[in-house]
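Encoded as structure tokens, the structure appears first; notes follow it.
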Amino acid sequence: MGRMSETRSRKSRLGLALGLALMAIVSYYVSTTVEFNPITQEEQRVALSVDQEIALGLQAAPELSQQFGGLDAADADQARLDSIGFALVRKSAAKRTPYKYEFSLLADDRTINAFALPGGQIFITRALYDKLNDQQLAGVLAHEIGHVAGRHGAENMARARLTEGLVKAGEVAITDESDSAGQKAKMAQLVGTLVSTRYSRENELESDDLSVRFMIEAGFEPAAMIEVMEILSQGGAAGPLDFMSTHPAHGKRIERIRMAIEKYGR
Ligand SMILES: [Zn+2]
């Protein structure tokens, strides 16, 4: 191989790499959009439309529920969860979001956690539920509603460059009703990704802020959010899911909650 052709092949490899990088960047911008969020009053880049968020959440919900012991059989507790959850939605700005909120008590009595899927599916484990009075439970649910209203799942997917697989999966969630093994495996993988993707530090602080706002709007006592933080730090909660996430530090979150309580006037 002569010197000329060697240079040429190196050039073409470089060209190919640049081309691929460019394609990736273009596909990122094509598959995500910047949308104004009327609740947070901020623009955000998201990887899913509202309809895709709802479809994805609905389809992932049974899988997630199974991972935490399935739905809890205690009807009275589920009724209490619904009553507090829907009071929060009905009386706060969350009412103006396009999401169909649903609150589910999961039977897992060892894992302390709560979680929100994109589109409005909200879960709390028995282990966490049993530690909370009404006000504190409202705090946890308001925080999860904050993740939904803040569209944090859709935002994370855009940010984490998961768009390719996840948007495709989102489309599948909407169009493909088939129950094939491949479909199930894909959904299990998708749920795994949703569950293991931590919300960013900014997402957590924004949800803490929104939780105080929603609580005040709905007539709950926002200082209960500080108690929730204290309960969780005593419980030694640490792990992959939402309330167990170790960041930001509890102290930082409590500070933010205090600021929000002043900001929203209480
Ligand atoms: Zn959170």
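Bear in mind that the values in this text are calculations on the coordinates, not laboratory data. This structure is a prediction, so every number in the text was calculated from the model and none was measured. Backbone-built Cβ (ideal geometry, glycine too); neighbour counts: all protein chains shown.
Potential lengthening of the chain between A249 and Y264 amounts to 3.1 nm, from the contour at 0.36 nm per residue minus the alpha-carbon distance.
Spin-label model, Q234/D130: points 7 Å from Cα along the beta carbon direction are separated by 1.6 nm. Model label points for R96 and A76, set 7 angstrom from Cα along the Cα-to-Cβ axis, are 3.9 nm apart.
Output the peptides 136-142, 46-52, 80-86 sorted from most to least packed, where packing is the average of other Cβ atoms within 10 Å over each peptide's residues. Please report the intermediate quantities before stating the final value.
Numbers: 136-142: 27.0, 46-52: 21.0, 80-86: 17.7.
Final packing ranking: 136-142, 46-52, 80-86.
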